[in-house]
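Q: Please see the structure below; I have some questions.
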Amino acid sequence: MKAKKVSDLTIDQLKKIIDELVKQNLEDFVEDIEAISSKRFIKSIDKSRKEYKEGKFKSFEEVFV
């Protein structure tokens, strides 16, 4: 049976949840830093923004419907 609320967790279960969340957030942060450090990534973002402003994009419906 899974705990329904924090007060139902043991200390070890809570520590494990916190450890996993911290680890995932740190991994996400490192990925973000690596991405924004990439000139290629930044150029891609700039190009996408320019194309969007020029109306060079497809709507959600055009792509997925």
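Q: Taking into account only those residues within the range 19-40 that are of a type in the set (S, T, N, Q) and farther than 30 Å from VAL6 by Cβ, which is surrounded by the fewest Cβ atoms within 10 Å (Cβ to Cβ)?
A: Ranking the qualifying residues of the range 19-40, first place goes to SER37.
Q: Related question: Among LYS50, LYS16, LYS43, LYS2, which is loosely packed, with under 10 Cβ neighbours inside 10 Å and either basic (Lys, Arg) or over 16 Å from the mean Cα position of the chain (by Cα) (or both)?
A: On the way: LYS50 fails: loosely packed, with under 10 Cβ neighbours inside 10 Å; LYS16 fails: loosely packed, with under 10 Cβ neighbours inside 10 Å; LYS43 fails: loosely packed, with under 10 Cβ neighbours inside 10 Å.
Only one candidate passes the filter, namely LYS2.
Q: Something else now. Does VAL63 qualify as being among the hydrophobic types (A, V, I, L, M, F, W, C), touching a helix residue (DSSP H, G or I) at 6+ places or on another chain (Cβ under 9 Å) and surrounded by fewer than 10 Cβ atoms within 10 Å (Cβ to Cβ)?
A: Numbers: among the hydrophobic types (A, V, I, L, M, F, W, C): yes; touching a helix residue (DSSP H, G or I) at 6+ places or on another chain (Cβ under 9 Å): no; surrounded by fewer than 10 Cβ atoms within 10 Å (Cβ to Cβ): yes.
Judged against the criteria, VAL63 is not a match.
Coordinate-derived values only; no laboratory data. As the structure is a prediction and not an experimental result, all values here were calculated from the model. A quick note on method: Cβ atoms are made from the backbone with ideal geometry, for glycine too, and the neighbour counts reach across all protein chains shown.
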